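The values are calculated or read from the model by the stated rules, or taken from the named source; none is laboratory data. Because the structure is a prediction, the values reported are computed rather than measured. Neighbour counts are summed over all protein chains in view; Cβ atoms, including those assigned to glycine, are modelled from backbone coordinates with ideal geometry.
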Amino acid sequence: MNKKVEVHHVTRIEGHGNIVVNTKDGKIEQVEWQVPEAPRFFEAMVKGRSWQDIQSIVTRICGICSISHSLACIKGIEAAMGITVSEQTEKLRLLAHYSEQFQSHVLHVGYLVAPDLLGAKSVVPLAESHYDVVKLVIKLHRIANAWSDLLAGRTTHPVTFKPGGFSRIPSETELRELRETLAGIVPDLKALAGVVLSLADKLPQFERDTEYIALVQPGTYSFYQGDIGSTDLPSTTPVDRFESVVNEYLPEVSTAKWARWHRDSYAVGALARFNLNSAYLSPLAQEIVQSFGLKAKCTNPYFNSIAQLVECAQLVETSLALLEELLRTGLKQEKLEARPQAGEGVGCVEAPRGILFHRYAFDQQGNCLSANLVIPTNQNHGNIQKDFEALVPQILDRSEEEIRLLLEMLVRAYDPCVSCSTH
Amino acid sequence: MSKPKLAIFDFACCEGCQLQIVNMEEEILNLISIVNPVQWREAMSEESDEYDIVLIEGSITRPEDEERLRRIREKAKVLVALGACAAGGGVNRLKNTLNLQEAKETVYGTAANMPHLNTSSTKAVDEVVAVDYKVYGCPIDRREFAYIVRCLALGKTPEIPGYPVCVECKLKENVCRYEYREICLGPLTRAGCGARCPSLNTWCFGCRGSIEEPNIDSAKEVVSKYGKTLKDLENRIALFGSK
């Protein structure tokens, strides 16, 4: 029997991706993850632009992880120009960074994945059938966005981040209010974890061992600092040698570059971070891990969404501790004194979807000479393809609709940022 | 009266303007009580070819995307350009200042000549099809968006400020960014954001696009008064094309 699955522009993901499966007489003829996104040429667009404008350009690579792009950019500029920042700046940046991870994860688990687990096509019908769950997701999402607004000046495409510091910092009163709000949502997080746990049997059982890559820093579940860690390697690699890790190449089916290191592909994102850093999870995060029976190394890609849920607890608990520290020392108004200088530098952070690299070179006036930007979903495309190749033979006896749904759910599990990956 | 059917389609962009619709949070529940979303790929798997109001996000950079946009326009009663990329080309317009072949080589190196990487220059939506309304900003302002959708559902014409950001900035009693020796595009840029960036102690970089009749001479005067060059001004205007 012949089977054909063609999904033109997968829904409920960021950007444009296609799924193509063709079988003839029970044999697989074609299994493809395609990326037809329009390239935007950001690495060319920043050339010749001032160091003061680069961030305003590159944050537009991604509407969902613009804070991560801004921070990777600023860290790259600072590394290139030898600009140092205060401990206070680092803590406030980290707090902003956590807000975006939390927002993005709630968006993904609550709006994009939940409909699959509840048998709906989108969150719209769920607003009637599962009103309480939708209200809970909206509440957490609203709080996450207000948290970003407070630190970054805007939810999407931050305004206040500058090389050397902030153009505006929040007041201590605002931070105190944020602390109260975050402490108040701990029961909501438990409730959300409970809802997802009750639906966990809807997650497909599929295992494929692969290489997982994430930032690692001893003693920390790191989103912001450290070296590049891999589940295939006992040693770590400094972030300024990221090109030796990503090994980008361009397949004919994609306008985004793909990546590979020790194997044909590797994975980045919440599951990769969990697999490398689970020893450093906070108490509530660990509680959620145990309730799902999750163990590192987990090789079921569908569980990336569960790792995101675990990270939601991690982010809120770590932020509460960070707020305590900031309020204990008190906030100081600091002057922005960064000056341009010739040099080259790398900025690296974990974006919600995985490790993100920006490299820049500048001349003495601070004009950009070159840029190289490697986005998490660049690094996941190859792994999605390899998952497809392993999964399709296992589900060939299912109907075309079931195959389609399982593959769509697999793509969604990676929470891909496709337009971001093509940039 | 039946609710107007709403569809959202995206082209070359970061999809951050669609995210602002999600970011309306509880207000979204009110919005779907006055319009019926029938197609929105980023958030929904439901699909429909029948729609009244269409929101187009993103700039148009390939011939095949122009064709797709024309097909959408044929079916739409009202077409809205959503956000800076759709309304003016946005940051993607920077590409038009480059040699396309060189840009491809910069990004893709030895793979640059693979045919699927071909693009044309960046166009705003109204350079391809007729646009009924524009929602400005990078990203869009969610309150302004909600206002515009309410107007459309009621068949009214939304009013968007035609005056520059400086007006809103003065009302907020901000110190002018030029006093800090910064190049601020407030004098040339369409208001409606509440002078968000200058109010956060930084310059306006023009994400809502240029007002209809900007006073270029006066802007030049300001720039030279503060010891900056016209080139400095042009370099910042280039970021969002200020079409």
Among (1) within 7 Å of chain B (Cβ to nearest Cβ); (2) more than 21 Å from A:Ala80 (Cβ to Cβ); (3) out of contact with any strand residue (DSSP E or B) (no Cβ under 9 Å at 6 or more places or on another chain), A:Thr11 falls short only on (3)
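Going through A:Ser291, A:Ser254, A:Ser265 one at a time, which residue ends up being at pLDDT 95 or above, in contact with a strand residue (DSSP E or B) (Cβ under 7 Å, 6 or more places away or on another chain), polar (S, T, N, Q) and farther than 20 Å from A:Ser104 by Cβ? Even if it seems obvious, please write down each step before you answer.
Details: A:Ser291 fails: in contact with a strand residue (DSSP E or B) (Cβ under 7 Å, 6 or more places away or on another chain); A:Ser265 fails: in contact with a strand residue (DSSP E or B) (Cβ under 7 Å, 6 or more places away or on another chain).
Result: A:Ser254 is the single residue among A:Ser291, A:Ser254, A:Ser265 that is at pLDDT 95 or above, in contact with a strand residue (DSSP E or B) (Cβ under 7 Å, 6 or more places away or on another chain), polar (S, T, N, Q) and farther than 20 Å from A:Ser104 by Cβ.
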Can you pull out the residues in region A:33-44 that are hydrophobic (A, V, I, L, M, F, W, C), touching a strand residue (DSSP E or B) at 6+ places or on another chain (Cβ under 9 Å) and at the interface with another protein chain (Cβ under 7 Å from one of its Cβ atoms)? A:Ala38, A:Ala44
Could you check, for region B:155-166, whether at least one of its residues is within 14 Å of another protein chain (Cβ to nearest Cβ), buried (at least 17 other Cβ atoms within 10 Å of the Cβ), assigned to a helix (DSSP H, G or I) and out of contact with any Asp or Glu (no Cβ under 7 Å at 6 or more places or on another chain)? yes
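How do the helices (runs of 4 or more DSSP H) wholly within region A:66-143 filter down when requiring 1 or more residues that are over 23 Å from the mean Cα position of the chain (by Cα), closer than 19 Å to A:Thr160 by Cβ and of a type outside the set (D, E, K, R): which remain? Talk me through it step by step, then tell me what you get.
Details: elements: A:66-81, A:87-106, A:114-117, A:123-129.
Because the criterion is at least 1 residues that are over 23 Å from the mean Cα position of the chain (by Cα), closer than 19 Å to A:Thr160 by Cβ and of a type outside the set (D, E, K, R), the helices (runs of 4 or more DSSP H) in region A:66-143 that meet it are A:87-106.
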Select from region B:195-243 the residues that are among the small types (Gly, Ala, Ser) and surrounded by 16 or more Cβ atoms within 10 Å (Cβ to Cβ) and list them in ascending order. B:Ala195, B:Ser199, B:Gly206, B:Gly209, B:Ser210, B:Ala219, B:Ala238, B:Gly241, B:Ser242
Hey, could you check region B:190-223 for residues that are among the small types (Gly, Ala, Ser) and assigned to a loop (DSSP other than H, G, I, E, B) and say which is nearest to the chain's Cα centre (by Cα)? B:Gly209
Restricting region A:115-139 to residues that are touching a residue at least 60 places away in the same chain (Cβ under 8 Å) and aliphatic (A, V, I, L, M), which is nearest to A:Arg404 (Cα to Cα)? A:Leu117
It is to be established whether one or more residues within region A:348-364 are touching a Lys or Arg at 6+ places or on another chain (Cβ under 6 Å) and under 19 Å from A:Ser222 (Cβ atoms). no
Output for Cβ contacts, cut-off 9 Å, separation at least six or different chains, first residue small (Gly, Ala, Ser) in region B:26-38, second surrounded by fewer than 17 Cβ atoms within 10 Å (Cβ to Cβ), reads B:Ser33/B:Lys3
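Of everything in region A:48-65 that's of a type in the set (A, V, I, L, M), within 23 Å of A:Phe102 (Cα to Cα) and not in a loop (DSSP other than H, G, I, E, B), which residue is nearest to the other protein chains (Cβ to nearest Cβ)? Write out each step before concluding.
First, pick out the residues of region A:48-65 that are of a type in the set (A, V, I, L, M): A:54, A:57-58, A:61, A:64.
Then keep just the ones that are within 23 Å of A:Phe102 (Cα to Cα); that gives A:58, A:61, A:64.
Those still in the list that are not in a loop (DSSP other than H, G, I, E, B) too: A:58, A:61.
Working: A:Val58: 9, A:Ile61: 6 Å.
The extreme case among them is A:Ile61.
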What residue, among those in region A:115-151 that are within 9 Å of another protein chain (Cβ to nearest Cβ) and of a type in the set (A, V, I, L, M), is surrounded by the fewest Cβ atoms within 10 Å (Cβ to Cβ)? A:Ala127
